[in-house]
Amino acid sequence: MIKLAAPPRREVQPCAEATRVAAAGAVAEQLVSLVAPGSVAADQYRTLRSAIDTLRKDSGLHVLAVTSPSPGDGKTVTTLNLAGALAQAPTSRVLVIDGDLRKPSVASYLGLEGAQTPGVADALRDPRYELRHIVRYLADFNLWVAPAGAPERSPYELLSAARLDAILREARRDFDFVMVDTPPAVLLPDCRLIGRWVDGFILVVTAHRTPRARVTEALDQLDPAKVLGVVFNGDDQPQSPYYGYYGHGQ
């Protein structure tokens, strides 16, 4: 098991200047950890949260990226639901960073599209923007979010610069968990660039949809030492009778 050094902690409350956003009425229904935390579907994300908690205790896991082989596999929904499950602990400080600068969707899922504030791309381009300038606090969910900002056609230069490392160092200092939603791993270099600065990856694949060869290709693009596991999304296997008693989940 790889041991990761824990960053020094500050006693101050993180991101004191973050924009406070009440988004309860605008959040997409797929984000069950936020809009239906008592559901069976949300329980499955809490199971994933338990595994991540264990990894953090055992190896110091701190910054976790979520990717997929192809678009449409559910990586952003998985990122936000896992973050929501982690944030259910009242003392937990969880930040979601939208690292998909080409086709960002975190803000859309959370109903934040109309906010005219700088995003991740702005902070990568201009060092005058610190993390606290781009983070928004969703008070209803105890969750901090750094949206990507306006889409970038070619973010290679932004993601390859050391500025990304500096932003993630700030995040490590101020938050217990940092979740990074990344672009799909296949065909684009973006995920590999982000991967230099994260502690681990979760790969999201869709049952009966993602070709096995594409999964293999995605794994080949990632550092094997950083691949924590695979989330099998959309499986239609019947649940156990125990869960059947409470109703069928996602």
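The values are calculated or read from the model by the stated rules, or taken from the named source; none is laboratory data. Remember, it's a predicted structure, so these values are computed and weren't measured experimentally. Cβ sites come from the backbone with ideal geometry, for glycine too, and all protein chains shown count toward neighbours. Protein only, heavy atoms only, side chains kept; ligands, DNA and RNA dropped before computing areas. Shrake-Rupley method; radii C 1.70, N 1.55, O 1.52, S 1.80 Å.
Overview of values
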| item | result |
| --- | --- |
| Failed condition for residue 78, given (1) more than 25 Å from residue 26 (Cα to Cα); (2) open to solvent by less than 10 Å² (accessible area, probe 1.4 Å) | (1) |
| Some residue of the range 117-127 being in contact with a strand residue (DSSP E or B) (Cβ under 6 Å, 6 or more places away or on another chain) and without any contact (Cβ under 8 Å) to a residue 60 or more places away in the chain | yes |
| Condition check for residue 37: part of a loop (DSSP other than H, G, I, E, B) and either out of contact with any Lys or Arg (no Cβ under 6 Å at 6 or more places or on another chain) or β-branched (Val, Ile, Thr) (or both) | yes |
| The range 160-179 - residue that is within 14 Å of residue 97 (Cα to Cα) and either in contact with a Lys or Arg (Cβ under 9 Å, 6 or more places away or on another chain) or of a type in the set (Asp, Glu) (or both) and, of those, surrounded by the most Cβ atoms within 10 Å (Cβ to Cβ) | 178 |
| Qualifying residue in the range 139-146 (condition: open to solvent by 70 Å² or more (accessible area, probe 1.4 Å) and closer than 26 Å to residue 72 by Cα) | no |
| Unmet criterion (only one of (1) open to solvent by less than 40 Å² (accessible area, probe 1.4 Å); (2) in contact (Cβ under 8 Å) with a residue 60 or more places away in the chain; (3) over 17 Å from residue 146 (Cα atoms)) for residue 63 | (3) |
| Leading residue by the ranking (farthest from the chain's Cα centre (by Cα)) among those in the range 225-237 that are closer than 26 Å to residue 170 by Cα and open to solvent by 50 Å² or more (accessible area, probe 1.4 Å) | 225 |
| Residue within the range 194-214 that is buried (at least 22 other Cβ atoms within 10 Å of the Cβ) and charged (D, E, K, R) present | no |
| Out of 215, 230, 205, 180, sole residue that is at pLDDT below 95, β-branched (Val, Ile, Thr) and in contact with a helix residue (DSSP H, G or I) (Cβ under 7 Å, 6 or more places away or on another chain) | 205 |
| Considering residues of the range 57-91 that are in contact with a Leu (Cβ under 6 Å, 6 or more places away or on another chain) and in a loop (DSSP other than H, G, I, E, B) only, the residue modelled with the highest pLDDT | 87 |
| Out of 149, 99, sole residue that is surrounded by fewer than 22 Cβ atoms within 10 Å (Cβ to Cβ) and either among the polar types (S, T, N, Q) or under 17 Å from residue 194 (Cβ atoms) (or both) | 149 |
| Flag for residue 93 being of a type in the set (Lys, Arg) and farther than 20 Å from residue 198 by Cβ | no |
